[in-house]
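Have a look at the structure below, then the notes.
The values are calculated or read from the model by the stated rules, or taken from the named source; none is laboratory data. Everything numeric here is computed off the predicted structure, so don't read it as measured data. Backbone-built Cβ (ideal geometry, glycine too); neighbour counts: all protein chains shown. Each accessible area value is taken on the protein alone, full model and side chains, heavy atoms only, with ligands, DNA and RNA left out. Shrake-Rupley method; radii C 1.70, N 1.55, O 1.52, S 1.80 Å.
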Amino acid sequence: MLRDLLDSPDYSRVVAVARKPLAVSHPKLTVLIGDLASLPALKPQLAADEIFIALGTTRKHTPDEVEYYKIDHDYPLLAAEIARANGARSVFLVTAVGADAASSVFYLRTKGEVERDILALGFEHTHIFRPSMILGEREEDRPRERLIIRIWGALNPLLIGPVDRYRGLAGNDIAHAIVKAARHQTEKVRTYHWKEMAALLRA
């Protein structure tokens, strides 16, 4: 997604907040190093028209639910609050298929709560992307996850009709769809599942 934003003529400047330096350089790019604790101090530098939030962790990396909630809910919400206060008009948020603030499943409830709370900030445009399985290569060697991705890829053609939202998409394709959505902002709130993201990729 960062590469798409940098390559787009629609953006003259891109500010990326990361926990460590990025292996990307570009004349348009400003990288700010920050985390949940230091993000408020970066507020003066976080003025933008649009904010893109694709942050998340896994239970393997963050087994403690309190810490997990901070990463998947508190950090995205704080970033959105700062951007909104600085005049951002649009937010693009990646959550997950099945996100529901009333769910009994911790993961889906967390995703649903971050959707709910960011919607409450009242951006002019809120775009919520709910991918299912994210396909493609991973930087880490995770054999079990590779197996699940292969199985999901084989199941993809069978997921049609009402269950097509559970189709997997490659991470790069999700990123391309998000940046394409930024060019077509008419509705105040829009949610994208597999079908809507696939349509953006074909556009």
*Tell me, how many Å apart are the Cα centres for the range 100-136 and for the range 50-87?*
11
*Note the count of lysine pairs whose C-alpha atoms are less than 17 angstrom apart in the chain, limited to pairs 8 or more residues apart or on different chains.*
4
*What is the chain by shape, rounded, prolate or oblate, if you read a ≥ b ≥ c off the alpha carbon gyration tensor as root eigenvalues and call it rounded for a/c under 1.5, prolate for a/b larger than b/c, and oblate otherwise?*
rounded
*Spacing of the two label points (7 Å from each Cα toward its C-beta) at residue 13 and residue 62, in nm*: 2.9
*Read phi for every residue in the range 174-187 and hand back ³J(HN,Hα) as whole Hz from Karplus 6.51 cos²θ - 1.76 cosθ + 1.60, θ = phi - 60°, with x for Gly and Pro.*
4, 4, 4, 5, 5, 5, 5, 4, 5, 7, 10, 10, 10, 7
*Would you work out what percent of the accessible area of the chain, with all protein chains in place, is carbon or sulfur (probe 1.4 Å)?*
55
